[in-house]
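Below is one structure, written out as structure tokens; comments come after it.
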Amino acid sequence: MAEVIVALDVPSRDGAHELVDRLGDEVDFVKVGLELYTREGPEVVRGLRSRGLRVFLDLKLHDIPRTVEHAVLASAALEVDFLTLHATGGRRMVEAAARAAEASGLRLLAVTALTSLSAEELAEAWGRPTVDPRAEVLRLARLAMDAGAAGVVSSPLEARALREALGPTPPIVTPGIRLASDSRHDQVRVASPAEAVAAGADHLVVGRSVTAHADPRQAMREIRRHASEGQGVLG
């Protein structure tokens, strides 16, 4: 069964714990992103870990190899499960990060192309006439995996191609998960839980579909129910 990770996209540690309280035993894996981490720092991660929660630290590291290496060491000390870095940082950066992570249980996830970017926006950012997002995601994923990343973050639309290319083992983590009734907000390349799982994703990151719901516990149950419908469909 695919794991569901709840994005704690809230501005404070108190807000994060309040949301966890509302979800109760429906949540055991949460994502801490840039806004919450920048406001609250490592203590927010320590607080969530003290409650027995697994943490996906989504910092999307992208810097010179030595700086990223030290950031990975600091993140590993927080006992997080996943940490993101940009595949576009290049081979040496990812290799340095992998060396820093190898003595811990931390798994590095390579961010390929953000789910908020359309093909046209990727082409503009990368200075090309056109871009095939799927081809670019595969290229960057292979580069990062060869350099030591454990898995990949991608939109659900590239999950099937990634699973076929990378095999059954590496984690494929997909944000951009939406139920049919949800707004896309600032995401472009999105899919339903069932579609993402059927395509090969094994970790689904959900945000406002759950966190903005009047009953987050019920929303989590609905997400899991939809995800189960995609189980076993790949291939």
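Where a number appears in this text, it was derived from the coordinates with a stated rule and is not lab data. Worth saying up front: this structure is predicted, and the values here are computed from it rather than measured. A quick note on method: Cβ atoms are made from the backbone with ideal geometry, for glycine too, and the neighbour counts reach across all protein chains shown.
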Notebook entry, point to check: With charges set only on the Cβ (+1 for Lys and Arg, -1 for Asp and Glu), what does the dipole of the chain come to about its Cα centre, in debye to the nearest 20?
Noted result: 320 debye
Notebook entry, point to check: Over its Cα atoms, what ratio of radius of gyration to 2.2 N^0.38 Å does segment 1-57 give?
Noted result: 1.01
Next item on the list: Would you work out which of F29, P42, L53 lies farthest towards the positive end of the dipole of segment 13-60, given +1 charges on the beta-carbon of Lys and Arg and -1 on that of Asp and Glu, about the Cα centre?
Entry: P42
Item checked: the chain: Rg to Rh, with Rh as the Kirkwood radius over Cα pairs -> 0.95
Check: What 222 nm value per residue comes from the helices of the chain, counting each DSSP H run with n ≥ 4 as -39,500 (n - 2.57) and dividing by all residues, nearest 500 deg cm²/dmol?
Finding: -13000 deg cm²/dmol
Item checked: Residue exposure sequence - H70, H203 - by fewest surrounding Cβ within 10 Å -> H70, H203
